[in-house]
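Have a look at the structure below, then the notes.
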Amino acid sequence: MSPSTLIVFGGSFNPPHVAHLAIAEAAADSVESSRVMWMPAATPPHKQNDADLASAEHRLAMTRLAIEGNGRFEVSDMEIRRGDVSFTVDTLRVLADANPDAELALLLGGDSLVEFPSWREPEAILELARLLVYRRPGAHEDAIPNWVMERVTFIDALEVDVSSTELRQRIREGRSVQNLVPKNVIDYVNVNALYR
């Protein structure tokens, strides 16, 4: 990859947790001279009717807290400012124009990679960015077409088995999420009574 790589890490981050942080660290470690741009989605295409989805403003605030103090990470509110459903191809086009000297890489899990051919304009995405993929148990990567795999680089990320769905359930039940979610994010969740 080029001397400067912008790794785009999109998601709902509902809430951001230690597995997200481990994945972002692994991505930054795998690409020299890179920075990771966390991109909370306004309305993720696959979660449009999710009653458990905290507001975009809350998810943005939690993501900022989660990455606090890490010089390789930054948060963008671009998709949230745009509003409505967020499509990766639109975001990458804006970032490519705004960062002409950087190579773009899109960070995603093996489960998302399997679904990638059905995304909006997947060929255009691959022209704009290389895919950095962390493997997920149960993802059937052998079914992915060659035209996608040619633009994939697999990264080694710590397998931290944490799901946002499970964390929201624990919070709802009044159980601890200590060591699974950064403390400042837990404090934010509690102060704002999220996921109750």
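Key figures for this structure:
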read-out: Amide H contacts under 5 Å for Leu106, placed H, 5+ residues apart; value: Val8, Arg130, Leu131, Leu132
read-out: Accessible surface, the chain, averaged per residue in Å² (probe 1.4 Å); value: 50
read-out: Residue with peak Gaussian network fluctuation, the chain [Cα springs, cutoff 10 Å], from Asp156, Asp97, Asp111; value: Asp97
read-out: Phi to ³J(HN,Hα) by Karplus 6.51 cos²θ - 1.76 cosθ + 1.60 over the stretch 34-43, Hz, x for Gly, Pro; value: 10, 10, 9, 9, 6, 10, x, 7, 5, 9
read-out: Gain in span if fully extended, Glu127 to Val160, counting 0.36 nm per residue against the direct Cα distance; value: 8.8 nm
read-out: Residue-level accessible surface for Phe154, protein heavy atoms, 1.4 Å, Å²; value: 60
read-out: Long-range HN-HN contacts of Arg136 with modeled amide H, under 5 Å; value: Gly110, Asp111
read-out: Ser4 long-range amide H proximity, modeled H, under 5 Å; value: Glu103
read-out: Size of charge dipole - the stretch 94-177 - debye, nearest 20, with Cβ of Lys, Arg +1 and Asp, Glu -1, no other charges; value: 520
read-out: Mean Cα-pair separation over length for the chain, i.e. relative contact order, pairs under 8 Å, 6 or more apart, %; value: 27
read-out: Computed FRET value (nearest 0.05) for Glu25 with Trp147, which takes r as the C-beta separation and R₀ as 22 Å; value: 0.15
read-out: Neighbourhood net charge (13 Å Cβ-Cβ; Lys/Arg +1, Asp/Glu -1) for Glu32; value: 0
read-out: Cut-off 20 Å (backbone N to label point 7 Å along Cα→Cβ of Ala51), residues of the stretch 152-196; value: 164-175, 193-196
read-out: Potential extension, Asp97-Arg81 segment - 0.36 nm per residue separation minus Cα distance; value: 4.0 nm
read-out: For the stretch 1-137, with +1 on Lys and Arg beta carbons and -1 on Asp and Glu, the positive-most of Ala102, Ser12, Ala42 along the dipole; value: Ser12
read-out: Relative contact order of the stretch 122-196, defined on C-alpha pairs under 8 angstrom at six or more residues apart (%); value: 26
read-out: Percent accessible area from carbon and sulfur atoms, the chain, protein chains only, probe 1.4 Å; value: 46
read-out: Rounded to whole Hz, the Karplus (6.51, -1.76, 1.60) HN-Hα couplings of the stretch 77-87, x for glycine and proline; value: 9, 4, 5, 5, 5, 5, x, 6, 6, 9, 10
read-out: Calculated from backbone phi, Karplus (6.51, -1.76, 1.60) coupling profile of the stretch 127-132 in Hz, x at Gly/Pro; value: 6, 8, 8, 7, 9, 9
read-out: Heavy-atom SASA rank of Asp77, Asp84, Asp142 (probe 1.4 Å, accessible area, largest first); value: Asp142, Asp84, Asp77
read-out: P(r) weight above 31 Å for the chain, C-alpha pairs, percent; value: 14
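The values are calculated or read from the model by the stated rules, or taken from the named source; none is laboratory data. Just so it is clear, the model here is predicted, and its values are computed rather than measured. All Cβ positions, glycine included, derive from the backbone under ideal geometry; neighbour counts span all protein chains shown. The protein model used for the area step is the full one, side chains on, heavy atoms only, and it has no ligands, DNA or RNA in it. Shrake-Rupley method; radii C 1.70, N 1.55, O 1.52, S 1.80 Å.
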